[in-house]
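Asker: Right, I'll just put the structure down here and ask away after.
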């Protein structure tokens, strides 16, 4: 996978309706700007009030020559210890029910934060204000 470049992305906020099977259609501009493809591995990190989304593709574009081998190994292992899923053939993110129980029609906010100097944005899934999702702690 040589030649993969870090993406360029601005901060944003998208409200997205969950589809059948816990599928969350990602905004096309996010998929395109991050260079995401069907089958790309995605790690999900549950946190209080949110679900952090991390893309394995980020590991592939990180300037590893600037990091010590131990740091490289630690970062990769930390990512792979999280619950994993993948981008499906339509560009949607499949949220496993053991990570977050979603029903078709539930609405989530996909929040994108582009820290200054970072080559990858931080991506979070949160419930919109006033919305409580059954069986979750995202509200």
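Values quoted throughout were computed directly from the atomic coordinates according to the rules given, and no laboratory measurement underlies them. All values derive from a computational prediction rather than experimental measurement. Note that we place each Cβ from the backbone using ideal geometry, even for glycine, and neighbour counts take in every protein chain shown.
Asker: State, in angstrom, two size descriptors of region 43-115 derived from its alpha carbons: Rg to one decimal place and Dmax to the nearest whole number.
Answerer: In order Rg, Dmax, the Cα atoms of region 43-115 give 14.4, 45 Å.
Asker: Also, quick follow-up: Take 74, 120 and order them by how many other Cβ atoms sit within 10 Å, fewest up front.
Answerer: 74, 120
Asker: Another question, then. Compute the Cα gyration tensor for region 6-79, then decide on rounded, prolate or oblate, letting a ≥ b ≥ c be the square roots of its eigenvalues: rounded whenever a/c is under 1.5, prolate when a/b is larger than b/c in the other cases, and oblate in all that remain.
Answerer: Working: a/c = 2.12, a/b = 1.61, b/c = 1.32.
Prolate shape, in that a/c is at least 1.5 and a/b is the bigger ratio.
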